[in-house]
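Asks: Okay, handing you the structure first.
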Ligand code: EPU
């Protein structure tokens, strides 16, 4: 079993480059199913989740060439299956995003129902309502969701009760090959939605309004493969910004789209962090003390839930009181127990609110990465804790951070990956 050993106390100094965005690349790979000719994708992060979605596509008959680093060529000219089995879907909920494009291309898709996960029950009702509105017959049996539309889908007006990222992506992809126009109201507005729409349009789709509160998709009869460079990962970049702030470091983060970072930058500035923005790089420094801040997670352009655990790790060492209100997920405080074991002073009220009194003197101990972002929070706490922090369950971190150990080491952190006997 592998573990991370972090010895706290080093300031982070230098330059780090952000990889392509995990949450953009997964639906983009799935969207390739819509194209009848090969697609070529660039800035593909080396992540476990990318390997998983490629596994699903291979199972469906897609030929994938991943021989070039950070690139993928997907030959989707022949899709031979319409079913994605449990073994492939269970390791990653996001596999469910193949349902929309598969249904549109084949007229039939059968995907194992994704289970809940550490951060909540995560239902799929909004995805299914959308497919039904497009005319698909949906049934659920033996743990599978079956979506059937042998005569094709029909454009429809769809209102999402909540701006779900996955439902917006799935419905948007399905609607690309529907007969007529689909209007999607109250969709997610995340940058990853815009990146997906840009790729779909490259493939011959007609998607307008992605990134606003209404998306219109005029169906087309056929789509071809596309060429696309995936946007930088705003959550990975944000994690390095917080690491810099916590260690009172001085770091330039390259390959960032500054406009995607606004909600985080506002909060970091409020906490006393110095930030200089350029078009595609951000300089972060923190010579002074960190002040307590108050954060409420919201759909984009609000503060991202995927940064909540990391900012809470920072709050533990801020001067004064901080607070977090998690409004997107019902159970995303798994890191609280672990941070408190390291000496933090966090009190939760229900599953959505937390008060953090700082600054705490963190001390290293054995902790677990309970999910991807909680794992990142453990690393951040370890970077400033006295002594040694040993982090287990690394598979969560490997799902979403490309070479986090190498990147932090290059900035001067004392962090190592080791093999331990079980
Ligand atoms: N929801 C429903 N019904 C649905 C779909 C969602 O009630 O049919 C609820 C969920 O239970 C949750 C909320 O809506 O409470 C938000 O879920 P959403 O569908 O927006 O999230 P997702 O598509 O499952 C993506 C990211 C997550 C990120 C969320 C929110 C990917 C692969 N995953 O998940 O990323 O937290 O959007 O921004 O894009 C991560 O990277 O660590 C991560 C969890």
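Asks: What is the projected area of the convex hull of the Cα atoms of the chain, averaged over all directions, in nm²? The partial results should precede the final answer.
Replies: Details: hull surface 75.0 nm².
Approximately 18.8 nm², given one-decimal rounding.
Asks: Continuing with the same structure: For a Förster distance of 35 Å, can you work out the FRET efficiency between the beta-carbons of residue 125 and residue 403, rounded to the nearest 0.05? Walk me through the numbers before you get to the answer.
Replies: Numbers: r = 37 Å, r/R0 = 1.05.
Efficiency for this residue pair is about 0.40.
Asks: Hey, can you rank 222-230, 119-127, 272-280 by average C-beta count inside 10 Å, highest first? Write down the numbers at each step before the final one.
Replies: Working: 222-230: 19.1, 119-127: 16.4, 272-280: 14.2.
Highest mean packing first, the order is 222-230, 119-127, 272-280.
Asks: Please report the antiparallel percentage of DSSP beta bridges with both residues in the chain, rounded to the nearest 5. The partial results should precede the final answer.
Replies: Numbers: 56 of 79 bridges.
Taking every DSSP beta bridge within the chain, about 70 percent pair in antiparallel fashion.
Asks: What's the center-to-center distance, using Cα atoms, between region 47-61 and region 321-336 in Å?
Replies: Computed from Cα coordinates, the inter-centre distance equals 31 Å.
Asks: With contacts defined as alpha carbon pairs under 8 Å and 6 or more residues apart, what's the relative contact order of region 191-302 in percent? Working shown, then result.
Replies: Working: 155 pairs, mean separation 22.1, N = 112.
Reported as a whole number, the value is 20 percent.
Asks: Could you give the nm distance between label points at residue 280 and residue 357, where each point is 7 Å from its Cα heading toward the beta carbon?
Replies: Result for the modelled spin labels: 4.8 nm.
Asks: Tilt of helix 234-246 relative to the longest C-alpha principal axis of the chain, in degrees (0 to 90, nearest 10)?
Replies: Once rounded, one gets 0 degrees.
Asks: What nm distance separates the two modelled labels at residue 348 and residue 15, each placed 7 Å from Cα along Cα→Cβ?
Replies: Distance between label points: 4.1 nm.
Asks: Between helix 165-175 and the chain, what is the angle of the helix's C-alpha long axis to the longest principal axis, kept within 0 to 90° and rounded to the nearest 10?
Replies: It works out to around 20 degrees.
Asks: Separation of region 122-140 and region 145-182 by C-alpha centroid, Å?
Replies: Here the two parts' Cα centres lie 8 Å apart.
Asks: Using Cα atoms only, what is the angle between the long axis of helix 191-202 and the major principal axis of the chain, expressed in degrees (0 to 90) to the nearest 10?
Replies: So the helix axis and the longest Cα principal axis differ by about 30 degrees.
Asks: Another question about this same structure. Could you pull the Cα extents of region 95-242 along its three principal axes, largest to smallest, in whole Å?
Replies: Here the spans come out as 49, 35, 27 Å, largest first.
Asks: Tell me the relative contact order for the chain as a rounded percent, counting alpha carbon contacts under 8 Å between residues six or more apart.
Replies: Numbers: 1068 pairs, mean separation 88.7, N = 422.
Reported as a whole number, the value is 21 percent.
Asks: Let me know the shape class of region 43-117, please: from the alpha-carbon gyration tensor, a ≥ b ≥ c as square roots of the eigenvalues, rounded when a/c is under 1.5, otherwise prolate if a/b is greater than b/c, or oblate.
Replies: On the way: a/c = 2.24, a/b = 1.19, b/c = 1.89.
Cα axes put region 43-117 in the oblate bin.
Bear in mind that the values in this text are calculations on the coordinates, not laboratory data. Just so it is clear, the model here is predicted, and its values are computed rather than measured. In this analysis, Cβ positions are derived from the backbone assuming ideal geometry, glycine residues included, and neighbour counts consider all displayed protein chains.
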